[in-house]
Every structure is written in structure tokens, then in C-alpha cells.
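Here is the structure we will look at.
FYI, it's all coordinate maths here, none of it is from the lab. This one's a predicted model, so the numbers in the text were calculated from it and none came from an experiment. Glycine also receives a Cβ, built like all others from the backbone with ideal geometry; neighbour counts cover every protein chain displayed.
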Amino acid sequence: MIEPITKTGVLISEGSSDQALIEILSHLLETTFPTQFFEVVYADPIRFPANASSQKLHQKIATAVSVYPADFYFVHRDADKAGFEKRFQEIEKAWDESKLNFPNVKVIPIRETEAWLLLSSEAIQRAAQNRKASAPPLPKINKIEGIADPKKRLQELLRTACGLKGRRYHQFDVQAAIQKIPRFYLEKDYQKLKQLQSVQHLLEEIVDCLG
């Protein structure tokens, strides 16, 4: 019996807080190509040279490729105030400047990764380890990509949902909780996610790159 081939993708992200994307990208790959097998790995800067933090994007890509050999690469940049198109062009230019020829997928949340984590009250409750908390009020799906500071909104929701007080409230690790949210996403949450314009662009990129 022939063993199935697993394709490896590496996520080159802006920061460690964006590791939450691993779960989302894995799900999108599995549901887009249900007969194929994938593994998505985070390019951890800890394994990069000491000067990597000051590298330009094309240099960071080259470093990640040398440290993490893979079949394809995800390059993540938040749209922030620059906008989707500008970030898209920046990533394309960086790949050209890197002189490398690997399949690559651009991952560009509008405005920040945290916007993709504002979809499920239950997932936020479970990430905050307090399922008895009142369901946090979430923005409507068609308003999410217009939120000026989704990171701040998500942090506020998690701190409220944790239900802690005093010293324990101040010790609550909100960044660790953010990483956990996609682990608790259900299929209905991914259906909401796919309504976001930036995720629709991502799905098109995945099909174009890997289809």
C-alpha cells in the first residue's frame, strides 16, 4: 500500500502572536483539498540568525526558506492602515527580490489577524477557560473588517470572559488565550470566516497556488 504524501507548508508571519493562523490555514487546506494531506508549520524566529529581526521581508523569506524547507509557503502580513492591495504587492515584490521560486500564498487579514478570531462567543469563552461566562457580544460579520482595532476588541472580550478578579485578572495571559481560539472553532464558525473578503482572497490564492 502506497503511503499518502503529506505536503508541508510553512507560515512566515509578522510575529509569534500570529501562530493562531496555523489552525485556520490547516482547516482551509483540508476542506479545499479533502483528498490531500497537509502539515502547516510555524517559522519560529528563535531558529533564525540573531540579525533576522532587522531583515527586510525578502531577506526574512530567504532565511525562513533556508531554515524550514517545505513544499510551499504562507507569507502573512496584516493589512493594517496600508490596505490589502499594498500588502499584496509588498509580498509579491519580496518574493521577486528573494530570487526564490516556491509556491507561495499571501495571507493578509483586514486589518489584523485578530479580526479572524471575532467569530465565536463559545470559542472565546473556552479560550478564556470560563464556559460559564456570559456570551461576549461580537460584531456582525459584515462589520468585522471595518473594526479599527480588532486586537484591542478581542483582548477586551477575553479579559471580560475570563471572569477573574484582582491579582488573577492581572495575571491572565491574554496572548495565550488568543492562540487557543481557533482550536475551538466549529464548522459553522469557518463558514462565517469564509464570508470575510480577506479570507475569500486567501482561498483564491490557495487554489491558484496549490490546485
Checklist outcome for this item: Least to most buried among Tyr73, Tyr68, Tyr42, by other C-beta atoms within 10 Å and fewest first, runs Tyr42, Tyr68, Tyr73
Item to check | Summed residue charge, Cβ within 15 Å of Lys56's Cβ, Lys/Arg positive, Asp/Glu negative | outcome: 0
Next on the checklist: If neighbour count is taken as other Cβ atoms inside 10 Å, put Arg126, Arg131 in order from fewest to most.
Outcome noted: Arg131, Arg126
Item to check | Sites Gln89 and His201, calculated FRET efficiency, Cβ-Cβ separation with R0 22 Å, nearest 0.05 | outcome: 0.95
Item to check | Average projection area in nm² (convex hull over Cα atoms of region 110-211, one quarter of hull surface) | outcome: 6.8 nm²
Checklist outcome for this item: Percent relative contact order for the chain, counting Cα pairs under 8 Å at least six residues apart, stands at 21 percent
Checklist outcome for this item: Fewest to most Cβ atoms within 10 Å: Tyr190, Tyr169 sort as Tyr169, Tyr190
Checklist entry - In degrees, nearest 10, range 0 to 90: what is the angle between the Cα axis of helix 57-67 and the longest Cα principal axis of the chain? => result 80 degrees
Next on the checklist: Can you give me the long-range amide H partners of Phe74? Hydrogens built in the peptide plane at 1.01 Å from N, cutoff under 5 Å, separation of 5 or more residues or another chain.
Outcome noted: Val10, Leu11, Ile12, Val105
Checklist entry - To the nearest 10 degrees, how steeply does helix 84-98 sit against the main Cα axis of the chain, on a 0 to 90 scale? => result 40 degrees
Checklist entry - Taking H as built 1.01 Å from N, whose amide H comes closer than 5 Å to the amide H of Phe38, not counting residues under 5 places away? => result Lys7
Checklist entry - Normalised by the residues of region 1-113, what does the relative contact order come to in percent, with Cα pairs under 8 Å and at least six apart? => result 31 percent
Item to check | Sum of -39500 (n - 2.57) over DSSP H runs of 4+, divided by residues of the chain (222 nm, nearest 500) | outcome: -13000 deg cm²/dmol
Item to check | Rounded tilt (10° steps) of 197-210 against the dominant C-alpha axis of the chain | outcome: 30 degrees
